[in-house]
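Chemist: Got a structure here, written out as structure tokens. Questions coming.
The values are calculated or read from the model by the stated rules, or taken from the named source; none is laboratory data. Predicted model only: the values in this text are computed from it and were never measured. Neighbour counts are summed over all protein chains in view; Cβ atoms, including those assigned to glycine, are modelled from backbone coordinates with ideal geometry.
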Amino acid sequence: MREVRDGAVVLGKHVDDKGGQHTVTVAIGKLRFSDGSQKERAFAYGPEGKVVMYDAPMPVGAMLGTRDEQERMLGGDGAASSNAPYTVAYGGKLPSNVSRKKKPEPAEGDVVPEKPVKLSKEEMRAELAKAVANTARQPAVRYGQKGFPWQPAKLRDLFMGFEKGRKGETGSIAWQDISSHIVEREIWHETIAALSKDDGAVLAALDTAGSFADVGVAAGQSRLYADKKGGGKRKIKAVNDNIAEAYRKAIA
């Protein structure tokens, strides 16, 4: 909101499917927005029902370069979410209906507890042993009845076995798979960032190149050398080797 308030507005052009040009906002301060020609990496289900990454076209006006705090594929918390039927059936409460009491401010004369001291695992075990030794009579252990968590907002998450995917498999995407894809994406971004400017130009040329010669020319070679002498092909192999080396360093 600070950027929206103080940042300068930069306008750009969006070309629609019919070739018409429209003026759109492409930047406000440090914030960048799509003019309809950008793409960003995203997750989607592939042909075999597995999660894959792809280049998602960014619609006009979409903010660029944002990162999700939480990449959760399914679920939700609102009254219209997939959690709602479970929450209603089992007497839970949606987050919008749960009132949270504000913690009162300490009155004058109240003893304000000190901030807890961070202890190691060995120190906590020693403190627990000392407390047990100083307690003459241990309180009786009480076992409650089996049940659900108290007024959960996401009861659906407790019954993922009821959910069916497109091929009949149960449950949502495993968190291990999501975490692996996130790590792989970060490693790939780190790998590309480690490449030289010349290697980056070659990768950019691959999107529109029609031959090895086009790639060689983008790398600064003459068309004769890139085409007849095999310069373009050798350049692609060299960039591929550089990517493999950068990838090995990123995962080390």
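Chemist: Which count do you get for residues in the range 23-69 that are of a type in the set (Lys, Arg), modelled with pLDDT of 80 or more and closer than 22 Å to Glu186 by Cα?
Modeler: 3
Chemist: Applying the selection to the range 188-198, what residues are surrounded by 15 or more Cβ atoms within 10 Å (Cβ to Cβ) and part of a loop (DSSP other than H, G, I, E, B)?
Modeler: Ala194, Leu195
Chemist: Of the residues in the range 17-54, how many are over 24 Å from Arg2 (Cβ atoms), out of contact with any helix residue (DSSP H, G or I) (no Cβ under 8 Å at 6 or more places or on another chain) and of a type outside the set (S, T, N, Q)?
Modeler: 17
Chemist: Follow-up. Scanning the range 14-28 for residues that are within 30 Å of the chain's Cα centre (by Cα) and in a strand (DSSP E or B), which turns out surrounded by the fewest Cβ atoms within 10 Å (Cβ to Cβ)?
Modeler: Val15
Chemist: What number of residues within the range 199-224 satisfy the criterion of being of a type outside the set (A, V, I, L, M), surrounded by 15 or more Cβ atoms within 10 Å (Cβ to Cβ) and part of a helix (DSSP H, G or I)?
Modeler: Looking only at that region, the number is 4.
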